[in-house]
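Working notes, structure below.
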Amino acid sequence: VSREEWREALLAACAAAVSAGPGKTPQVGEHRGAADWSRVTSCYGASASITAEALAAPGATEALVASLMERAADKGLGSRVLLSASTEAEFARLVQPYVDSSDEAEGGALWPLVHRATLFAPFSLLSAGLRLYDVPGTHDENQARALSMRSIIASAHTVLITSNIRRACNDKSAKDLMPLPLRRELLQRGSMGELAFVASQADIFNRSELVENLRLDDETPPLQCALARNAFTKRELTKSFTQNVPLASLGARPPPEAWHEAPFKLPVFTVSAVEHRKLLASAGGGGASDDA
C-alpha cells in the first residue's frame with residue numbers, strides 16, 4: 001500500500017469515527033469510511049485510539065494521522081517485501097504475518113498494509129496463465145476484508161467456495177455466496193465451471209459419529225464411512241443449490257459445441273490436502289512425508 005493510499009484511509013477512518021459519535025463504532029452502510037476505520041484499527045490494534053472523543057480537539061485529526069503514519073512507516077508502509085523458502089512449512093511461517101489477522105487485537109496486524117501477497121512456485125496447474133485468489137469469507141468480522149472479497153469475486157471467471165466438510169452443508173457463508181437469484185441464473189444460462197464447491201479436510205472424521213449420523217452398519221469400515229460422508233455431502237449440497245428453483249421451468253438448452261458451453265451443474269469436490277501430499281510422496285512425486 002502506498003503512503004498516499006494509507007493517508008487517505010487514515011483520514012477516512014477519522015471522519016467515520018467522528019460521524020459515529022462518542023462511544024460508538026462506525027458501521028458499514030451507516031457511516032462513510034467505516035471499512036477504512038476497521039482496516040486501520042486492525043493495523044494498529046487496541047492502541048489506535050481512533051474515536052470521536054480523541055478527535056474532538058482542534059488539530060487532533062492531523063496530529064493523530066501524522067503519528068499513525070510514522071508507525072506505519074516502521075511497519076514497512078510503501079515497501080515491497082520478497083520472501084523465499086525451500087519448503088512449504090518455512091514459507092507459511094514467513095508469509096503468515098502479512099496475511100494472518102489472529103493477533104491483531106493487541107499489537108496490530110500487517111495485513112492492512114499489504115496490497116497483495118503473490119506466491120510464485122512450480123505450480124503446473126497455473127502454467128497456462130490461470131490465477132488463483134484466496135479471499136476471506138462473507139462473514140469475516142473485519143469489514144475491510146469483507147469488501148475486498150466482494151470486489152474480487154465480482155470480477156472472477158470462476159468461484160470456488162471452500163468449506164470444511166464437517167460444516168459444509170450448513171455453512172452460512174457458503175449459502176450467502178449462492179443466493180436464489182444467482183442459483184436461478186446459473187441454472188438457466190450458466191456454463192459448467194463458473195461455480196464449484198470444495199469440501200476440505202475429508203480425511204478428518206469420527207467413525208462412530210458417522211455411523212450414528214448416517215445410519216450406517218455398526219461394522220462399517222472407516223474408509224467406507226468417509227466415502228459415505230463424501231456422498232452425503234455432495235448430495236445435500238446439490239439439493240440445497242436447487243432448492244426453491246423449479247427445474248421444470250428452466251427449459252431445455254441446445255447441445256453444447258464444447259465442454260465449456262455445457263449447461264451448469266454444481267460440482268462438489270471432497271478433498272484432503274494431507275492425503276494428497278501422502279499420495280504424492282508414496283508415488284515418488286516429491287511430496288511431503290507421511291509425518292507432514
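The values are calculated or read from the model by the stated rules, or taken from the named source; none is laboratory data. These numbers come from a predicted model, not from an experiment. Backbone-built Cβ (ideal geometry, glycine too); neighbour counts: all protein chains shown. Please note that ligands, DNA and RNA were not included when accessible areas were found on the heavy atoms of the full protein model with its side chains. Shrake-Rupley method; radii C 1.70, N 1.55, O 1.52, S 1.80 Å.
Before moving on, here are some points about what is shown:
- Residues of region 33-86 satisfying the condition of being among the aliphatic types (A, V, I, L, M) and under 16 Å from Glu5 (Cβ atoms): Ala35, Val40, Val65, Leu68, Met69, Ala72, Ala73, Leu77
- The test for being surrounded by 14 or more Cβ atoms within 10 Å (Cβ to Cβ), at pLDDT below 85 and not aliphatic (A, V, I, L, M) holds for Lys265.
- Which numbered condition Thr162 misses (of (1) within 13 Å of Val271 (Cα to Cα); (2) touching a Pro at 6+ places or on another chain (Cβ under 9 Å)): (2)
- Condition met for Leu83 (modelled with pLDDT of 90 or more, assigned to a loop (DSSP other than H, G, I, E, B) and closer than 30 Å to Ala273 by Cα): yes
- Any hit, region 186-202, residues being open to solvent by less than 70 Å² (accessible area, probe 1.4 Å), assigned to a loop (DSSP other than H, G, I, E, B) and at pLDDT 85 or above: yes
- Residue in region 162-176 that is open to solvent by less than 60 Å² (accessible area, probe 1.4 Å) and hydroxyl-bearing (Ser, Thr, Tyr) present: yes
- Test: Glu90 is open to solvent by 80 Å² or more (accessible area, probe 1.4 Å) and assigned to a helix (DSSP H, G or I): no
- Any chance Ala121 is free of Cβ contacts under 8 Å to residues at least 12 places away in the same chain and in a helix (DSSP H, G or I): no
- The numbered conditions (1) over 29 Å from Tyr133 (Cα atoms); (2) assigned to a helix (DSSP H, G or I); (3) at pLDDT 90 or above are all true for Lys24 except (2).
Listed here are the residues, each with its yes/no results for (1) of a type in the set (Ser, Thr, Tyr); (2) within 27 Å of the chain's Cα centre (by Cα); (3) open to solvent by 30 Å² or more (accessible area, probe 1.4 Å).
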{"residue": "Arg7", "(1), (2), (3)": "no, yes, yes"}
{"residue": "Thr25", "(1), (2), (3)": "yes, yes, yes"}
{"residue": "His31", "(1), (2), (3)": "no, yes, no"}
{"residue": "Asp36", "(1), (2), (3)": "no, yes, yes"}
{"residue": "Arg39", "(1), (2), (3)": "no, yes, yes"}
{"residue": "Cys43", "(1), (2), (3)": "no, yes, no"}
{"residue": "Ala54", "(1), (2), (3)": "no, no, yes"}
{"residue": "Ala60", "(1), (2), (3)": "no, no, no"}
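- Subset of region 210-221 that is part of a helix (DSSP H, G or I) and open to solvent by less than 100 Å² (accessible area, probe 1.4 Å) - its residue that is farthest from Ser163 (Cα to Cα): Val211
- Test: residue in region 222-245 that is in a helix (DSSP H, G or I) and aromatic (Phe, Trp, Tyr): yes
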